[in-house]
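Below is one structure; the comments refer to it alone.
The values are calculated or read from the model by the stated rules, or taken from the named source; none is laboratory data. Here the structure is a predicted model, which is why all the values come from computation and not from measurement. Cβ placement follows ideal geometry from the backbone for every residue including glycine, while neighbour counts extend to all protein chains displayed.
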């Protein structure tokens, strides 16, 4: 049996931790449009990217933040890694190092830290029905 990667072999270590927390890398719910159509009041993020504050992409896959299991997996991973995690929509590139300070938090959908999943930046700017759906389906504010 192979030993799990060490923290020195990032991002393999991060991916292993997220897998152990119930979030396999590249997880797919199938047809994204069909999933979104069948679950209209969900906070579904197709091809989500999870970044750390150091702006490295540590996980990619589909998330449904209305699902308690997905939120719990992110919270447990954040605690185990002792890292703030930022969930963004699909990004073209993994390296965000050239972007200005504050960009990551301002463009994230949610931030996971200290046992909480909270809306920030992009999601906080939503108005009306969509923001109400997110609040109702996830308990996030």
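Some points to look at:
- Here residue 23 clears all of (1) surrounded by fewer than 16 Cβ atoms within 10 Å (Cβ to Cβ); (2) part of a loop (DSSP other than H, G, I, E, B); (3) modelled with pLDDT of 85 or more except the condition numbered (1).
- The set of residues from the stretch 37-49 being assigned to a strand (DSSP E or B), touching a residue at least 40 places away in the same chain (Cβ under 8 Å) and in contact with a strand residue (DSSP E or B) (Cβ under 6 Å, 6 or more places away or on another chain) comprises 45, 46, 48, 49.
- Among the residues of the stretch 53-73, just one is part of a helix (DSSP H, G or I) and without any contact (Cβ under 8 Å) to a residue 12 or more places away in the chain, namely 68.
- Selected residue (criterion: modelled with the highest pLDDT) from residues of the stretch 99-116 that are touching a helix residue (DSSP H, G or I) at 6+ places or on another chain (Cβ under 6 Å) and surrounded by 21 or more Cβ atoms within 10 Å (Cβ to Cβ): 112
- Exclusive hit being modelled with pLDDT under 90 and exposed (fewer than 15 other Cβ atoms within 10 Å of the Cβ), set 130, 65, 96: 130
- Residue 76 out of contact with any strand residue (DSSP E or B) (no Cβ under 7 Å at 6 or more places or on another chain), under 15 Å from residue 14 (Cα atoms) and either at pLDDT 90 or above or part of a loop (DSSP other than H, G, I, E, B) (or both): yes
- Residue that is farthest from residue 88 (Cα to Cα) [pool: residues in the stretch 41-55 that are surrounded by fewer than 16 Cβ atoms within 10 Å (Cβ to Cβ) and in contact with a helix residue (DSSP H, G or I) (Cβ under 8 Å, 6 or more places away or on another chain)]: 41
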